[in-house]
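S.K.: The structure that follows is given in the form of structure tokens.
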Amino acid sequence: MSDNTSIDASLLLDIDITAVSTALNSGISEVAENTILKLEELDKIDWGLAASGVLGITDPIGQLREWLAGVLSGFVDTIKRAFEAIISPIRSAIDTILSGISTIRDAFATLINMVKSVVVTPILDALNWVSTTLPRLVDIASSALSAFAKARIQ
């Protein structure tokens, strides 16, 4: 086995952009030109297109990231569905209890209004009639007694 420290990395920097472009456009065919790029010209390369042209082999970190994202997404979706399965009956029970409380509150309000209209209002009307009629009856009785007394005296 050879020692990895003896590999010349400068060869990786001399990339033939025309060859890569032609290979990507023509389905990896014979390259007509051998144009070598300098280090400053590397920003002209569409690295995403180049990576997809070699089926992602040049981007193992990206592949690992996508795999991990897929696994985590599935895990999070499973936890979300489990949480929703647990919360759904609780939410339904709370909604049922709130609906029952609302129904009871409405029944009490109806009962109070009915008692008010059937019992309280007639009693208040009777007391009001007595309070307005009693002074007139006292005046009438007083006038009648005065008239009777005058008639007796004469």
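Taken together, the values in this text are just the output of simple stated rules run on the coordinates, not laboratory data. Given the structure is predicted, the values throughout are model-derived calculations rather than measurements. Counting neighbours? That spans all protein chains shown, and the Cβs are built from the backbone with ideal geometry, glycine included.
S.K.: Karplus couplings for region 116-129 from phi (6.51 cos²θ - 1.76 cosθ + 1.60, θ = phi - 60°), rounded to Hz, Gly and Pro as x?
M.R.: Computed from phi, the couplings for region 116-129 are 4, 6, 8, 10, 5, 4, x, 5, 5, 5, 5, 5, 5, 5 Hz.
S.K.: Obtain the nm distance between the two label points defined at residue 151 and residue 61 by a simple spin-label model: each point lies 7 Å from its Cα along the Cα-to-C-beta direction.
M.R.: Reported label-point gap for residue 151 and residue 61 is 12.4 nm.
S.K.: Compare the peptides 147-153, 118-124 by average per-residue count of other Cβ atoms within 10 angstrom and give them in order, highest first.
M.R.: Result, highest mean Cβ count within 10 Å first: 118-124, 147-153.
S.K.: So if each residue of separation counts as 0.36 nm, and I subtract the Cα-Cα distance between residue 78 and residue 126, what length gain in nm does that give?
M.R.: 10.2 nm
S.K.: Subtracting the Cα-Cα distance from 0.36 nm times the residue separation, let me have the gained length for residue 105 to residue 38 in nm, one decimal.
M.R.: 15.9 nm
S.K.: Additional query: Counting only Cα, what are the radius of gyration and maximum Cα-Cα distance Dmax of region 82-154, in Å?
M.R.: 30.5, 106
S.K.: Could you check the spin-label model distance between residue 46 and residue 96? Points 7 Å from the Cα along Cα→Cβ, value in nm.
M.R.: 5.9
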